[in-house]
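Trainee: This is the structure I have questions about; it appears just below.
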Amino acid sequence: MPLDPLQAFRDTGALLEGHFILRSGRHSRQFFQCALLLQHAALAAELCGDLAAKVKGLSFDAIASPAMGGILVGQEVARHLKTRHIFAEKQEGKLVIRRFPIEPGTRFLVAEDVVTTGGAVRETMALLRAAGAEVAGVAAIVDRSGEPPVDFGVPFFSLLRLHVETFPADAVPDDLRGVPAIKPGSK
């Protein structure tokens, strides 16, 4: 029986409540701090095994992830599917793929921890395509992109889909204005 991902976030203290600035620059009352969950190797293996089972029918040659949050997810999903994993990393504020050769025509699944706007996923997809690769799909532990869900133009799989309110910086609700905002995610 698959693990309940929301319960796993709660049990590990990885679902934070407060006032957060997300990587996208949007503000939120909740933050999924996947590192707090993924530090538990057995939980990470189980959740990513469940995610691997969701994408098993998709045809791809390798997995790519954006740094930082997606690296553990991509590595674990790749381990379950016995395939290769590469990652994009930050260099001068932008994602780059610098450590791994990419053969033109290689089909990739892009794996991420949490998707809100999908910016890091899109950036990774663009890097892969610029190298002549194809993107077969996207997989994430949490899809908090809202309604309608983010559209990557390829199949998108997630273990947990939640509507979590986010707000532009110039439209933060009154109840959050008095709460100091923190930015706990990747820089």
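Trainee: With a 10 Å cut-off between alpha carbons and a GNM built on the chain, which of Gly49, Gly93, Gly70 moves the most?
Mentor: Largest GNM mean-square fluctuation: Gly93.
Trainee: Measuring from centroid to centroid over Cα atoms, what is the spacing of the range 14-48 and the range 102-153 in Å?
Mentor: Taking the Cα centre of each part, the range 14-48 and the range 102-153 sit 19 Å apart.
Trainee: For the chain, with every protein chain kept in place, what is the accessible area per residue (1.4 Å probe, Å²)?
Mentor: Dividing the accessible area of the chain by its residue count gives 49 Å².
Trainee: Another question, then. So if R0 is 25 Å, what FRET efficiency would Lys56 and Ala131 give, r being the distance between their Cβ atoms, rounded to the nearest 0.05?
Mentor: Efficiency, rounded to the nearest 0.05: 0.50.
Trainee: Subtract the Cα-Cα distance of Ala41 and Thr83 from 0.36 nm times their separation in residues, and report this length gain in nm to one decimal.
Mentor: Here the answer is 13.2 nm.
Trainee: Which percent of the accessible area of the chain is formed by carbon and sulfur heavy atoms (probe 1.4 angstrom)?
Mentor: Whole-percent figure for carbon plus sulfur exposure: 54.
Trainee: Based only on Cα atoms, what mean projected area does the convex hull of the range 73-187 have, in nm²?
Mentor: 8.8
The values are calculated or read from the model by the stated rules, or taken from the named source; none is laboratory data. In this text the structure is predicted, and so the values were computed from the model without any measurement. No Cβ is skipped: glycine too gets one built from the backbone with ideal geometry, and neighbour counts run over all protein chains shown. Surface areas here come from the heavy atoms of the whole protein model, side chains and all, with no ligands, DNA or RNA. Shrake-Rupley method; radii C 1.70, N 1.55, O 1.52, S 1.80 Å.
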